[in-house]
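Asks: Just dropping this structure here.
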Amino acid sequence: MKAAELKKVCLSLAGSREEFPFDESNSVFKVSGKIFAISRLGAKPLRVSLKCDPELAVQLRIDHPAITAGYHLNKRHWNTVELDGSVPDQLVREMIEDSYDLVVAGLPRREQEKLKWVALSRDYCADRY
């Protein structure tokens, strides 16, 4: 996955925005003011940090050497994925969607309704991998 595709996937999710709260080179993707993805889109190698269910986060790290504990983030809830081609693009897309869903699940119901978001079973994320 290249930077343009990563950005496109993140911004395709309802209510998502790209912001630069840290500096002009770190893209922070948010929904309702909450972060679901962070990437320095111009970096080589390209990486993205994504929120993840803690148990699943550990399993993904075991299964994929390019997935590590979140860089400068809560390592229990965040993974950093090096987009070097070893993690299939479809899996990266699913991880982005799951990160978004975890953030939206924590929003007030009113915000979820504005986004037309439907709650999924917690087991759904684990079943996708």
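Asks: Taking the conditions exactly as written (within 12 Å of the chain's Cα centre (by Cα), more than 22 Å from Phe22 (Cβ to Cβ) and of a type outside the set (A, V, I, L, M, F, W, C)), does Arg93 satisfy them or not? Spell out the reasoning first.
Replies: Values: within 12 Å of the chain's Cα centre (by Cα): yes; more than 22 Å from Phe22 (Cβ to Cβ): yes; of a type outside the set (A, V, I, L, M, F, W, C): yes.
So Arg93 fits the description; yes.
Asks: For segment 17-52, what are the residues that are over 20 Å from Leu91 (Cα atoms), of a type in the set (Ser, Thr, Tyr) and surrounded by 14 or more Cβ atoms within 10 Å (Cβ to Cβ)?
Replies: Ser27, Ser32
Asks: Okay, moving on. Restricting attention to segment 91-129, and to residues there that are among the β-branched types (Val, Ile, Thr) and over 15 Å from Ser12 (Cα atoms), which single residue is modelled with the lowest pLDDT?
Replies: Among those residues, the one meeting the criterion is Val118.
Asks: Still on this structure, I have one more. Here are some residues: Ser32, Ser25. Which one is modelled with pLDDT of 90 or more, hydroxyl-bearing (Ser, Thr, Tyr) and closer than 25 Å to Arg109 by Cα?
Replies: Details: Ser25 fails: closer than 25 Å to Arg109 by Cα.
Step by step, each of Ser32, Ser25 is checked, and only Ser32 is modelled with pLDDT of 90 or more, hydroxyl-bearing (Ser, Thr, Tyr) and closer than 25 Å to Arg109 by Cα.
Asks: In segment 80-116, what residues are in contact (Cβ under 8 Å) with a residue 12 or more places away in the chain and part of a loop (DSSP other than H, G, I, E, B)?
Replies: Leu83, Asp84, Ser86, Val87, Gly106, Leu107, Leu115, Lys116
Asks: Related question: Out of everything in segment 38-51 that is touching a Lys or Arg at 6+ places or on another chain (Cβ under 8 Å) and not in a loop (DSSP other than H, G, I, E, B), what residue ends up being nearest to Phe22 (Cα to Cα)?
Replies: If we take residues in segment 38-51 being touching a Lys or Arg at 6+ places or on another chain (Cβ under 8 Å) and not in a loop (DSSP other than H, G, I, E, B), then Ser39 is nearest to Phe22 (Cα to Cα).
Asks: While we're looking at this one, here's another question. Which residues, taken from segment 7-26, are in contact with a strand residue (DSSP E or B) (Cβ under 6 Å, 6 or more places away or on another chain) and touching a residue at least 40 places away in the same chain (Cβ under 8 Å)?
Replies: Correct list: Cys10, Gly15, Ser16.
Asks: Out of (1) farther than 18 Å from Glu94 by Cα; (2) modelled with pLDDT of 90 or more, the odd one out for Asp63 is which?
Replies: (1)
Asks: If you don't mind, another one. Can you confirm whether Asp63 is touching a helix residue (DSSP H, G or I) at 6+ places or on another chain (Cβ under 7 Å), farther than 19 Å from Ala4 by Cα and acidic (Asp, Glu)?
Replies: So Asp63 does not fit the description; no.
Asks: All but one of (1) assigned to a helix (DSSP H, G or I); (2) at pLDDT below 90; (3) within 15 Å of the chain's Cα centre (by Cα) hold for Asn74, so report the exception by its number.
Replies: Unmet condition: (1).
The values are calculated or read from the model by the stated rules, or taken from the named source; none is laboratory data. Given the structure is predicted, the values throughout are model-derived calculations rather than measurements. So basically every Cβ, Gly included, is an ideal-geometry build from the backbone, and we count neighbours across all protein chains shown.
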